[in-house]
Every structure is written in C-alpha cells, then in structure tokens.
Amino acid sequence: MSALFPIINHLIQQNPDSRSELAAFADKTLALNIAGLKLTGRITEEGFLSASNGFADTEITFRNSAVQKILQGGEPGVGDISLEGDLILGMAVLPLLGSLRYRASDDLARIFGTQLGNSIGSRAADIGHGIKQIGRSIAEQIGEFSREPESPVIDAATLSAWMEEVDKLRDDVARLNERLDRLERDIWID
C-alpha cells in the first residue's frame, strides 16, 4: 500500500497549514484503515508520511459508513470512526487529515500555467456542477415516483391476466360490430 503515500503526501503538500501541524508529530507512527486498506506511516519532520512497518502509535479506522458519508459530501460522525492506541495523537491528527483538500487548479496551473490552468479548472467545475444538477434531478424524480402510493408497479401474472381481458374485450367488440353490421343490412334489405 506504499503506492498510496505519494497521493496522500501530494494532498499534504497542497495544504501547507496541515503539513506544518503534522510536522509537530514527527517520528510518530499512525495506521489508517480505510475501506479494507491499511496504511501504516511515520510522520516525517517535514509533515509528510513515509511508509513504515513498525508498530503504530495510533490507529484510525474509518468504517464503511464514514467512507459513504465522505463520498456523498457529508461529514462522518463519532460512530463512523474509531481510534486505538494513543488517543491524544489520534484526536490531534484526525482533524488534520480531515482538513486535507485536493485543489486540481494547483496541478493544472503547474502543468499549463496559471491563466490556462484556472480557465480549465473553471470550465471543469462548471461541467461538474451541471452533471451534479442533472444527477440530483434524476434522483429526485425517481424518489418522487417511488413515493407515489398508486405507482403502477405490477407483477407479470397480473399484467398477463390484464392482457387476456383486453384481448377478450377486443373479440367481443369485433363480434358486436359484425352483429350490428348484419342487423343494419337486414333492416335495409327489407
């Protein structure tokens, strides 16, 4: 899992305030359990994480409910995260990790230059916002449909029986039309 440390360190680098606060815990080791992945890292003097195989001073476990809330843009609650080991260290590091934010505009500016990077970032944000609105609208419509008490949800047997009744009704209407035609002819012939 050491391949994830460059990603985490990139986030730390983009958040210099968090990095300087993490540096205060240099040489402490923490383990992060997230969605079945376990990362154990030592905090460096610069505030970054380096891979470590040693015993963790504190272990922070993000339960599946925490991961789901984070992915949905929410905040995990107390029951979504557990701490083991050095609780003071865990309570100090947890908000620092929670404050890490990825800013794509920084990377785009580094690659394309400030002006073009900001333009690309702004357009991507507008597209992302539009996609979120479309998704939210579709979700609301599905939610409204599912809440309707008389929503037409029938099983295959009921549909089949209804179709048979419609077929019988069509046959009866066709027979009635034939009789009416015969009756009309008989009346006009006399």
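Go through the range 36-78 and report how many residues are within 30 Å of Arg136 (Cα to Cα), open to solvent by less than 60 Å² (accessible area, probe 1.4 Å) and either at pLDDT 90 or above or out of contact with any Leu (no Cβ under 9 Å at 6 or more places or on another chain) (or both).
Result for the range 36-78: 6.
Out of the residues in the range 85-115 that are assigned to a helix (DSSP H, G or I) and in contact with a Ser or Thr (Cβ under 6 Å, 6 or more places away or on another chain), which is modelled with the lowest pLDDT?
The selected residue is Leu96.
Tell me, which residue of the range 85-133 that is in contact with a Leu (Cβ under 9 Å, 6 or more places away or on another chain), within 22 Å of Leu22 (Cβ to Cβ) and of a type in the set (Gly, Ala, Ser) is least open to solvent (accessible area, probe 1.4 Å)?
Across the range 85-133, the extreme among qualifying residues is Gly90.
When you look at Leu39, is it of a type in the set (A, V, I, L, M) and closer than 14 Å to Gly98 by Cα, yes or no? Break it down stepwise before answering.
Numbers: of a type in the set (A, V, I, L, M): yes; closer than 14 Å to Gly98 by Cα: no.
When the stated conditions are applied, Leu39 does not pass them.
Within the range 6-35, can you find the residues that are in a helix (DSSP H, G or I), open to solvent by 20 Å² or more (accessible area, probe 1.4 Å) and either more than 22 Å from Gln68 (Cα to Cα) or of a type in the set (Lys, Arg) (or both)?
Pro6, Asn9, His10, Gln13, Pro16, Asp17, Arg19, Ser20, Glu21, Ala23
The values are calculated or read from the model by the stated rules, or taken from the named source; none is laboratory data. All of these numbers come straight from a predicted model, not from anything done at the bench. Every residue, glycine among them, receives a Cβ derived from its backbone with ideal geometry; neighbour counts consider all protein chains shown. In case anyone asks, the SASA skips ligands and DNA or RNA and just uses the protein heavy atoms, side chains included. Shrake-Rupley method; radii C 1.70, N 1.55, O 1.52, S 1.80 Å.
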